[in-house]
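Read the structure below first, then the notes.
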Amino acid sequence: MAPPRHPHPAHPEPGMTDLLTRRRALIGYAAAAALLFALAPLVLSDFRLGQFSRYLCFAIVAVGISLAWGRGGMLVLGQGLFFGLGGYAMAMHMKLADAGDGGLPDFMLLYGTAEALPWWWEPFRSPVVALAAVLLLPMGLAAVIGWFVFRRRVRGAYFAILSQALAAAFAILLIGQQTTTGGANGLTDFQGFFGYSLLDPANRRTVYFVIAGTLLALMLLTRQLFRSRYGELLVAVRDSEERVRFLGYDPALVKLAAYVVSAGMAGIAGALFVPAVGIISPALIGIVPSIQFVIGAAIGGRASIAGAVIGAVAVAWAQTTLSEEFPSAWTYFQGGLFVLVIAFLPGGIASLWHLAARRRPRTETVMAA
């Protein structure tokens, strides 16, 4: 009679693997929550915590990029468009709230060319309309763009260039409308956020906690999408679109859903960026910021949610730190780092863990032999 077979510890059974994965995810989220809600506010000054809030907004955009690019294979180089839509929707409401009932935003009074509030500004007096616009504007525009693009089976470099061109066109449009959007200066000098003064450090810390909580919630949502049947279908579309179409699914709708959700996350990030940083302008939503969003996700690991978040925060922190010391060299350093990662570590920094995990069983097998 053959002895009972025991699974090798390096190759656990499928059920055990799933349990270990859930435990690791739970531990990871608990550690992230402790870092964001306990450690960071304790060790960082109000100024540094404000900077960290900005980095976390970029991390929210990276979560959406991880879904659309890392999981769906769509190189989204125009997330600045959706980031800007969410940001300007929130900024318009905050400007109208500061102006009071029937008042005009301060920049319109400064330029002296607007006698009355433009009709498309008026709905943003309502906080409900502003919050709805933060989601509906980016997601609605992404749905329209994606419907025509994916139906025509535009993909790869053509899709990336198109999305980048849309972000550039939006930035140019904003610059040309100085009397109604603030032009190149954008919207700034906000006093309050839904009735709370942004001049109070306690309220600014509250904004940080809202951003941190939103990031964790969207990471959990995206992880559920990754592990769902839809997530598996999205990977199948990425790897073999024609085969998925042969099986009776519509790849255009599968990609469209990921693109729309990614745009919604970028819109939320833009809306939270405004009270955290105190400004939104065309310089923050054009081609260069859109590329930086992608670079952060790529360096950290676009297929990993945690990797994309860490990469986005690390790149934003490095930009703030190194650009102060080497303002003319930062762009070259960023581009060189992106090229190195794509060439030698396509999976980003997050793939180092998987590479180490693959090598560990080989080492154990050699030692056992």
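Filtered by the rule that a residue be closer than 24 Å to Arg71 by Cβ and at pLDDT below 95, the range 259-284 gives no residues.
Taken as a whole, the structure places Val144 among residues that are within 30 Å of Ala252 (Cβ to Cβ) and part of a helix (DSSP H, G or I).
Residue-level check: of (1) crowded, with 24+ Cβ neighbours inside 10 Å; (2) farther than 21 Å from Arg48 by Cβ; (3) not small (Gly, Ala, Ser), Leu272 misses just (2).
Just to be sure, is Val315 in a helix (DSSP H, G or I) and either over 24 Å from Leu35 (Cα atoms) or over 15 Å from the mean Cα position of the chain (by Cα) (or both)? Considered against the rule, which asks whether it is in a helix (DSSP H, G or I) and either over 24 Å from Leu35 (Cα atoms) or over 15 Å from the mean Cα position of the chain (by Cα) (or both), Val315 comes out as no. Here Phe150 fulfils each of the conditions (1) more than 22 Å from the chain's Cα centre (by Cα); (2) part of a helix (DSSP H, G or I) apart from (1).
Just to be sure before I move on: is Ser197 closer than 30 Å to Ala97 by Cα and of a type in the set (Gly, Ala, Ser) in the structure I sent? Spelling it out, Ser197 is indeed closer than 30 Å to Ala97 by Cα and of a type in the set (Gly, Ala, Ser). Consider the range 234-248 and keep the residues that are under 14 Å from Tyr259 (Cα atoms) and not β-branched (Val, Ile, Thr). The one that is surrounded by the fewest Cβ atoms within 10 Å (Cβ to Cβ) is Arg238. Here the range 104-123 is the region considered, the condition is being over 12 Å from Thr180 (Cβ atoms) and not acidic (Asp, Glu), and the residue that is modelled with the lowest pLDDT is Gly112. All conditions but one from (1) free of Cβ contacts under 8 Å to residues at least 12 places away in the same chain; (2) closer than 27 Å to Ala202 by Cβ apply to Ile27; the one that does not is (2).
Does Tyr230 fit the bill of being aromatic (Phe, Trp, Tyr), farther than 20 Å from Val294 by Cβ and within 23 Å of the chain's Cα centre (by Cα)? When the stated conditions are applied, Tyr230 passes them. For the range 184-222: of the residues being in a helix (DSSP H, G or I) and more than 23 Å from the chain's Cα centre (by Cα), which is nearest to Met108 (Cα to Cα)? Top of the filtered list is Asn185. Among residues that are modelled with pLDDT under 95, surrounded by 14 or more Cβ atoms within 10 Å (Cβ to Cβ), within 16 Å of Phe82 (Cβ to Cβ) and out of contact with any Asp or Glu (no Cβ under 7 Å at 6 or more places or on another chain), Ala133 is not included. Within the range 324-369, being surrounded by 13 or more Cβ atoms within 10 Å (Cβ to Cβ), at pLDDT 70 or above and part of a helix (DSSP H, G or I) holds for Trp330, Thr331, Phe333, Gln334, Leu337, Phe338, Val341, Ile342, Ser351, Leu352.
For Ala252, are the conditions met, namely being surrounded by fewer than 20 Cβ atoms within 10 Å (Cβ to Cβ), under 30 Å from Arg153 (Cα atoms) and at pLDDT 95 or above? In short, no. What about Arg229, is it at pLDDT 90 or above and surrounded by 14 or more Cβ atoms within 10 Å (Cβ to Cβ)? When the stated conditions are applied, Arg229 does not pass them. Is there a residue in the range 162-174 that is touching a Pro at 6+ places or on another chain (Cβ under 6 Å) and closer than 21 Å to Ala276 by Cβ? Yes. From the list Gly182, Gly192, Gly213, the one residue that fits, being at pLDDT below 95 and over 17 Å from Tyr88 (Cβ atoms), is Gly192.
Residue count for the range 292-323, restricted to those that are modelled with pLDDT of 90 or more, surrounded by fewer than 19 Cβ atoms within 10 Å (Cβ to Cβ) and out of contact with any Phe, Trp or Tyr (no Cβ under 9 Å at 6 or more places or on another chain): 0.
The values are calculated or read from the model by the stated rules, or taken from the named source; none is laboratory data. Remember, predicted model here, so these are calculated numbers, not experimental data. Note that each Cβ is placed from the backbone with ideal geometry, even for glycine, and that neighbours are counted across all protein chains shown.
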